[in-house]
Amino acid sequence: MKVLVADDDIQILRALRITLSAYGYDVVTAADGAAAVRRAVEDHPDLIVLDLGMPKLSGMEVIEAVRGWSRAPILVISGRTDSADKVRALDLGADDYVTKPFSTEELMARIRALTRRTPVVPEQSEVVFGDVRVDLAAKAVVRMSDRSTIRLTPTEWRLLEALVRHPGRLVSQPSLLHEVWGPGTTDTGYLRLYMGQLRRKLEADPAAPVHFMTEHGMGYRFMPAG
C-alpha cells in the first residue's frame, strides 16, 4: 500500500517515512502543499497523511484539491487543537484527525482503521465508452469501429486521464487545474478550451455530450455509460 506523507517539518517527515516503511508501507513524501498535490497526482497514493500548516498550499487547500478526484483516505496530523480547524478539515473531506504530539501506536491504529474502512481498488488499465477505448498503460486512444488511433496532445491526454480514472465522480475545476496545468493555475478558460477539444475528438455529438459532462460552476464528470 502506498502512503503519501506531507509535512513541512523535515524531522517529522523523516520519522514518519522510517516508521511507515518499517510497517511495510510504500512511502512517498512532500515538504509543502504544492508538492503534496503534485505527488498525489503522480503517485496515486492509497492513503494520505497530511499536516495542515504547510507553505505554498495549506493542508486545507490540499484536501480541497485532492478530494475532488481521489477517494484515498486523508488522515490529518496537526499541532492545531482548535476544534474549528478539525471540523473544517473534516468538512472539506479529511477522514480523521490526529493532534501532535501523537504516539506511533495511535497513528498506526488510525491508519489501520482508515484502510479497513476504505479498501484499495485496483486501478483500471483500460476504459471503454461509446466507440472509444482508452489504454491507460499505453497512453493510447483507439476508435473501435475502424481501429484508428485518436491522436491527443499531451495536455488533452492529462485531462482525459484525470477524468476517466474517476468514473461517475465530479472532479472539481481546482483539482483539474492543479492536476493538468500544475499548482497555482486558476484560469478556468483552459478547462473550457481543452474540454471542447476532447469532446470534438471523443464524443459522437460534441454539441450534445453524453460522456464528458459539465457541472456548471463546479467541474466535470466522466460518464462511461452515457
Does residue 200 fit the bill of being within 22 Å of residue 134 (Cα to Cα), out of contact with any strand residue (DSSP E or B) (no Cβ under 9 Å at 6 or more places or on another chain) and at pLDDT 95 or above? yes
Would you mention how many residues in the range 175-187 are surrounded by fewer than 20 Cβ atoms within 10 Å (Cβ to Cβ) and part of a helix (DSSP H, G or I)? 1
Can you pull out every residue in the range 1-15 that is without any contact (Cβ under 8 Å) to a residue 40 or more places away in the chain and closer than 25 Å to residue 179 by Cβ? 13
The correct count of residues that are touching a residue at least 40 places away in the same chain (Cβ under 8 Å) and aliphatic (A, V, I, L, M) in the range 61-97 is 6
Considering only residues that are of a type in the set (S, T, N, Q) and over 17 Å from the mean Cα position of the chain (by Cα), look in the range 1-42 and name the one that is nearest to residue 104 (Cα to Cα). 19
Which pairs have Cβ atoms under 6 Å, sit 6 or more apart or on different chains, and link a residue in the range 26-50 that is in the same structural domain as residue 185 (by TED's automatic domain parsing) to one that is not in a helix (DSSP H, G or I)? none
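Listed here are the residues, each with its yes/no results for (1) of a type in the set (Phe, Trp, Tyr); (2) closer than 23 Å to residue 163 by Cα; (3) touching a Leu at 6+ places or on another chain (Cβ under 7 Å).
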site	(1), (2), (3)
5	no, no, yes
8	no, no, no
11	no, no, no
16	no, no, no
41	no, yes, no
46	no, yes, no
54	no, no, no
61	no, yes, no
66	no, yes, no
If residue 158 satisfies every condition in (1) in contact with an Asp or Glu (Cβ under 8 Å, 6 or more places away or on another chain); (2) of a type outside the set (Asp, Glu); (3) modelled with pLDDT of 90 or more; (4) more than 20 Å from residue 67 (Cβ to Cβ) but one, which is the exception? (4)
Please give the number of the condition residue 167 fails out of (1) outside any strand (DSSP E or B); (2) surrounded by fewer than 19 Cβ atoms within 10 Å (Cβ to Cβ); (3) over 21 Å from the mean Cα position of the chain (by Cα). (3)
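Just name the residue that is nearest to residue 66 (Cα to Cα) out of those in the range 1-11 that are not hydrophobic (A, V, I, L, M, F, W, C) and not in a strand (DSSP E or B).
The qualifying residue nearest to residue 66 (Cα to Cα) is 7.
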With in contact with a helix residue (DSSP H, G or I) (Cβ under 7 Å, 6 or more places away or on another chain), surrounded by fewer than 19 Cβ atoms within 10 Å (Cβ to Cβ) and part of a helix (DSSP H, G or I) as the only criterion, which of 192, 158 stands out? 158
Residue 51 vs (1) touching a helix residue (DSSP H, G or I) at 6+ places or on another chain (Cβ under 7 Å); (2) surrounded by 21 or more Cβ atoms within 10 Å (Cβ to Cβ); (3) within 19 Å of residue 175 (Cβ to Cβ): all pass except (3)
One residue is enough: does the range 98-114 have a residue meeting the conditions surrounded by 21 or more Cβ atoms within 10 Å (Cβ to Cβ) and among the small types (Gly, Ala, Ser)? no
For the range 177-226, give me each residue that is of a type in the set (Val, Ile, Thr) and in contact (Cβ under 8 Å) with a residue 60 or more places away in the chain. 210
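The values are calculated or read from the model by the stated rules, or taken from the named source; none is laboratory data. In this text the structure is predicted, and so the values were computed from the model without any measurement. All Cβ positions, glycine included, derive from the backbone under ideal geometry; neighbour counts span all protein chains shown.
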